[in-house]
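Undergrad: Below you will find the structure I want to go over with you.
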C-alpha cells in the first residue's frame, strides 16, 4: 500500500486518510483487489453494525482513485429510496459510468456530479466512446421494451462490457440488504451476486454479517459464492478506538482527557459510528470531553434526539413500518430487558406484538439482521449492548409510557453517571485478567513440569527464585504431566449463566479436550479453570468455596471426567495448597502461569516471555528529550547495561526525539516513547502523530530531504541524527503506521 | 542545565580564552558557546579552549554549532582545543569528524599550554 501522506484530497471518503484508524489491514486487502496480480476476484464483506464499513469502502475508493494507471474504483450503495429494482439498476449504470469516466479522466470532481447518461457520453474519452455509447443505447432500448429483468441485468453487466474494451474497474457494493426492500420481479441480491461473479472483474459485496449470505443466496445456494474471500469487519480494537477518539477530538477541536476518552471507548463499545457521532455533537455544541459528566450529558442528548438516537430509530422503523407495531415492539423489547437471562419464548413475543406468523417472522429477521435482538426460532434474546439498552429505555418511557421528557433526561443522565465508574472498573478487571482461556486453548498434549500446576511443589522449590534460575530448575525436573488437547474453550458463564454473578467472564473458563491421542470416551476430559481474586495468597476457605462452585457447575452441565484448576496471583496458603492436593485439583500462581505460557509458546520460561514495558509522552519543547534520556538510563541500569552502552542508548534516543520533533506534521506536538525490556534486549520506539520519513534514507543515514535540519552550523547536519542512531544502536528500523512513521531501535545486552 | 561560563574577564588581544560547555550541548547551549567564542575572537582572541568537563550529552545540533565555531575560528586564524572530553563524547566527535579539526587535550591546563604559542604567533608564521 502506498504511504499515505497527510492532506490528500478526499473524494468519497468522509475522514482524512491519516485519521482513518484501525482498518489498515482491511484497507490493504481491499485495495489489493486492484492489483493485476490479485488472485481473488471477489470478496464478501461481513460487517458488524456500526463498524464503519461504508467509510472503509469509501476510503478504498479514494485510495484506488489516486493510483493512476490502475482500475477505476466504483462505489455503489443500495438504498430504499430507489423503491424499485429498475431504478436501482439505472442508478448503478449511471454511477458506474460516472465514476469510471472520472477515473479515466483523472477528474475527482466528476465523482460527486450527477451527469445524465448523454452528458457522460460527451465526457467519454475517444477510446471509451464506443462502449459507453453502446451501453447507453442498449439501456435506452431495454427501458423501452419494459423487460425488467433484462434491464437490471444489462445495467449490472456494465463492468463486464467496460472491461472487454480495456476499461478495468473494481466495483464495491454497499448496503446490499437495502436491495431486499426494492420492488421488482427478481430479488436483486442474488442477481447482483450472480452477475458480479460472471464479470471477471474484481468486486466487493458488503452487508450485515448476519444476513449477507442469505441475501445473496436467495432461495438456492449459489455455486458462484463458494470460494470467494470472506472478510469480517468487527468493532474496532480498543487501542484503535482510543486513537480514533483522540484523532477526532484533535481534528474537531474538542478538549479531551484520557479518562473520558477511555469511558467513551468503553461505553460506546468501540463503535466508529457512535464515537464519530458523539465527537461531532461535541464540536457542534462547543462542548468538551474532559469529565464523565460532560460526556454523559452529551451522550444523553445524542440518545434522545441526536444522531445516535436517530440511527436506532431508523433501524426500528425499518423493522416495524407502522407506528402501532413499533410501539408494540418497543414495549416487548423494553420488557425483555428486565428478564435476567434476556431470553423470552418466541411465542410470547408473537402474542405480545399481535402480529401474524409472516409479519412476526419478518420483524424477527430484521431485528436479527440489525443485531438488535437474536432470533433462535424458539426464543428471542435482546442484544445487551449498553447504548441499545439505553435507547430502548428512553424510547419506551417517552413514546409508550409518555413520561415527561425532563424526568426521562434527568433519570437517564443520573443513571449513566452512576454506571460510569462500574463500566471502567469492569474494563480494568477485564484488562487485568490472566488470560486463562488463551492458555487452555494452547494445550495440545504437551508435557510440562508438574510444579507448574501444583502450587505446593512450586512454592517449596522455586518461590523467591529469579526467573532464569527457576527456568533452569523446571527444565531439569523429572516429574512431568501431560496436558490434554483442548478442542473447545469458552467462559463458564456461557455454559452456566449464574456464574456471571460470581466472577467476570474472562476469569472462569471451561475447556473440553482429550487426554490421549484417540478421540474416545475414555480420553474425554473437561477442565474447569478459574482465576481466584485474592490480594494475598488464597486461603483455605476461599479455595474450598471455589472448588465447590466448580463442582456445582460440573454437575449442572453434566460433565463426566473433570479437572479443576485454580489460579491465584499470589499463590495459595499452605492449608489451601493442602486442600488442592487432597481434592486432586491443580493450583497455580501468576508466576507459574507465566512459565507455563512461555513453555507452551516455545519460549524458555517466564524470564524470556515476560516483558516490561514503559511509556512516556513528551511535549515537543526545549530539552524534553533529556527527560526521555534520563528515563531510559534508569531502565538500562536495571537491565545492567554497561555505562558505555547506556550513553549510546541515551544519545540515540535524544537524536530520535529531535528527529521526531523536526519531522512531525502533527499539531498536537507530542512525542511518544516506549521502552520494552525483552530478556536480553531493550527495544525503544519513538513516534509522533504525522511523523514523515525523510524522502530517501540510504544506508549511511544521510537523507536527501533538504528540510532535514540544514542550516544548523556552517556544515549543516543533514542525516547526522539518523547516522548516529544507526551507529549507536544494534537494530534500527522505520515502521509504517496508520498515522505516519515510527522509529524502532534495539540494543542488545552484552554481559 | 548550567550556562557556559568563562569565569574570567574578557581577555586582551592574543590571550587564550576558556569556555565551559554545560552538561547538555544542544541548540540552546550550543548557541551560547558560539556567542561566547565569537565575542572573544572579535576582541582579538586567537585561541579557544572549550572545556567539556560537565558535559554528559551532546546532540547533533550541538555538534553542528561547534563545527560552526571551528569554521569561524579557522576563518579568523584562531585555533580551537577541546579539553576534558568524556570517552563517549569523544567517540561521538570522532564519528562526526570533529576530532580532525581541533586540538584535543585531557585537561584544560594541557590545552592552554598547547594553544599558548598559537595565541602569540602571528598568522602565517
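Undergrad: Helices (runs of 4 or more DSSP H) wholly in the stretch A:432-483 with at least 1 residues that are touching a helix residue (DSSP H, G or I) at 6+ places or on another chain (Cβ under 9 Å), without any contact (Cβ under 8 Å) to a residue 40 or more places away in the chain and farther than 17 Å from residue A:597 by Cβ - which ones?
TA: A:455-462, A:467-475
Undergrad: What helices (runs of 4 or more DSSP H) completely inside the stretch A:302-387 contain at least 3 residues that are over 29 Å from the mean Cα position of the chain (by Cα)?
TA: Per the criteria, A:323-337, A:346-353, A:357-369.
Undergrad: Same structure again: Of all residues being in contact (Cβ under 8 Å) with a residue 24 or more places away in the chain and either part of a helix (DSSP H, G or I) or not assigned by TED's automatic domain parsing to the domain that holds residue A:457 (or both) in the stretch A:552-574, which is surrounded by the most Cβ atoms within 10 Å (Cβ to Cβ)? Just the residue, please.
TA: A:553
Undergrad: Would you say residue A:543 is over 33 Å from the mean Cα position of the chain (by Cα) and surrounded by 19 or more Cβ atoms within 10 Å (Cβ to Cβ)?
TA: When the stated conditions are applied, residue A:543 passes them.
Undergrad: Name the residue that is surrounded by the most Cβ atoms within 10 Å (Cβ to Cβ), counting only residues in the stretch A:193-205 that are over 27 Å from the mean Cα position of the chain (by Cα) and assigned to a loop (DSSP other than H, G, I, E, B).
TA: Only one residue fits best here, namely A:201.
Undergrad: Within the stretch A:169-192, how many residues are within 29 Å of residue A:27 (Cα to Cα) and in a strand (DSSP E or B)?
TA: Of the residues in the stretch A:169-192, 6 are within 29 Å of residue A:27 (Cα to Cα) and in a strand (DSSP E or B).
Undergrad: Of all residues in the stretch A:652-676 being more than 14 Å from chain B (Cβ to nearest Cβ) and within 12 Å of residue A:747 (Cα to Cα), which is modelled with the lowest pLDDT?
TA: A:676
Undergrad: Tell me, yes or no, whether the stretch B:56-67 has at least one residue that is in contact with a helix residue (DSSP H, G or I) (Cβ under 9 Å, 6 or more places away or on another chain) and away from every other protein chain (no Cβ under 14 Å).
TA: No; the residues of the stretch B:56-67 include none that is in contact with a helix residue (DSSP H, G or I) (Cβ under 9 Å, 6 or more places away or on another chain) and away from every other protein chain (no Cβ under 14 Å).
Undergrad: Answer yes or no: is there a residue in the stretch A:415-424 that is modelled with pLDDT of 95 or more and surrounded by 20 or more Cβ atoms within 10 Å (Cβ to Cβ).
TA: yes
Undergrad: Follow-up question, since we're still on this one. Can you tell me which residue among A:500, A:549 is assigned to a helix (DSSP H, G or I), crowded, with 19+ Cβ neighbours inside 10 Å and assigned by TED's automatic domain parsing to the domain that holds residue A:450?
TA: A:549
Condition check ((1) modelled with pLDDT under 75; (2) out of contact with any helix residue (DSSP H, G or I) (no Cβ under 7 Å at 6 or more places or on another chain); (3) within 14 Å of another protein chain (Cβ to nearest Cβ)) across all residues:
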| position | (1), (2), (3) |
| --- | --- |
| A:678 | no, yes, no |
| A:682 | no, no, no |
| A:691 | yes, no, no |
| A:701 | yes, no, yes |
| A:707 | yes, yes, no |
| A:725 | no, no, yes |
| A:732 | no, no, no |
| A:737 | yes, yes, no |
| A:742 | no, yes, no |
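Undergrad: In this structure, does residue B:34 turn out to be within 13 Å of another protein chain (Cβ to nearest Cβ), in contact with a strand residue (DSSP E or B) (Cβ under 9 Å, 6 or more places away or on another chain) and surrounded by fewer than 22 Cβ atoms within 10 Å (Cβ to Cβ)?
TA: It is false that residue B:34 is within 13 Å of another protein chain (Cβ to nearest Cβ), in contact with a strand residue (DSSP E or B) (Cβ under 9 Å, 6 or more places away or on another chain) and surrounded by fewer than 22 Cβ atoms within 10 Å (Cβ to Cβ).
Undergrad: If you don't mind, another one. Suppose we filter the stretch A:24-62 for residues that are assigned to a loop (DSSP other than H, G, I, E, B), touching a strand residue (DSSP E or B) at 6+ places or on another chain (Cβ under 8 Å) and under 17 Å from residue A:248 (Cβ atoms); how many remain?
TA: Residues flagged as assigned to a loop (DSSP other than H, G, I, E, B), touching a strand residue (DSSP E or B) at 6+ places or on another chain (Cβ under 8 Å) and under 17 Å from residue A:248 (Cβ atoms) within the stretch A:24-62 amount to 2.
Undergrad: Tell me the residue from A:590, A:637 that is surrounded by fewer than 17 Cβ atoms within 10 Å (Cβ to Cβ) and within 30 Å of residue B:24 (Cα to Cα), please.
TA: So the residue among A:590, A:637 that is surrounded by fewer than 17 Cβ atoms within 10 Å (Cβ to Cβ) and within 30 Å of residue B:24 (Cα to Cα) is A:637.
Residues are listed down the side, and each one gets a yes or a no for (1) modelled with pLDDT under 90; (2) assigned by TED's automatic domain parsing to the domain that holds residue A:581:
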position: A:394; (1), (2): no, no
position: A:401; (1), (2): no, no
position: A:406; (1), (2): no, no
position: A:411; (1), (2): no, no
position: A:428; (1), (2): yes, no
position: A:431; (1), (2): yes, no
position: A:441; (1), (2): no, yes
position: A:448; (1), (2): no, yes
position: A:452; (1), (2): no, yes
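Undergrad: Working carefully through the options A:569, A:583, find the one that is over 32 Å from the mean Cα position of the chain (by Cα) and away from chain B (no Cβ under 13 Å).
TA: The conditions single out A:583.
Undergrad: Within the stretch B:73-95, track down each residue that is within 14 Å of another protein chain (Cβ to nearest Cβ), touching a helix residue (DSSP H, G or I) at 6+ places or on another chain (Cβ under 8 Å) and surrounded by 19 or more Cβ atoms within 10 Å (Cβ to Cβ).
TA: B:73, B:80, B:85, B:88, B:92, B:93
Undergrad: So which residues in the stretch B:29-78 are under 18 Å from residue B:105 (Cα atoms) and modelled with pLDDT under 90?
TA: B:46
Undergrad: To continue, here is another question. Would you be able to say whether some residue in the stretch A:121-137 is within 30 Å of residue A:236 (Cα to Cα) and part of a helix (DSSP H, G or I)?
TA: Within the stretch A:121-137, not a single residue is within 30 Å of residue A:236 (Cα to Cα) and part of a helix (DSSP H, G or I).
Undergrad: Further, regarding this structure: Could you tell me which residue of the stretch A:614-651 is modelled with the highest pLDDT, considering only residues that are assigned to a loop (DSSP other than H, G, I, E, B) and within 10 Å of chain B (Cβ to nearest Cβ)?
TA: A:623
Undergrad: While we're looking at this one, here's another question. Kindly indicate the residue of the stretch B:37-55 that is within 13 Å of chain A (Cβ to nearest Cβ) and under 11 Å from the mean Cα position of the chain (by Cα) and also surrounded by the most Cβ atoms within 10 Å (Cβ to Cβ) among those meeting that condition.
TA: Of everything passing the filter in the stretch B:37-55, B:37 is surrounded by the most Cβ atoms within 10 Å (Cβ to Cβ).
The values are calculated or read from the model by the stated rules, or taken from the named source; none is laboratory data. Remember, predicted model here, so these are calculated numbers, not experimental data. All Cβ positions, glycine included, derive from the backbone under ideal geometry; neighbour counts span all protein chains shown.
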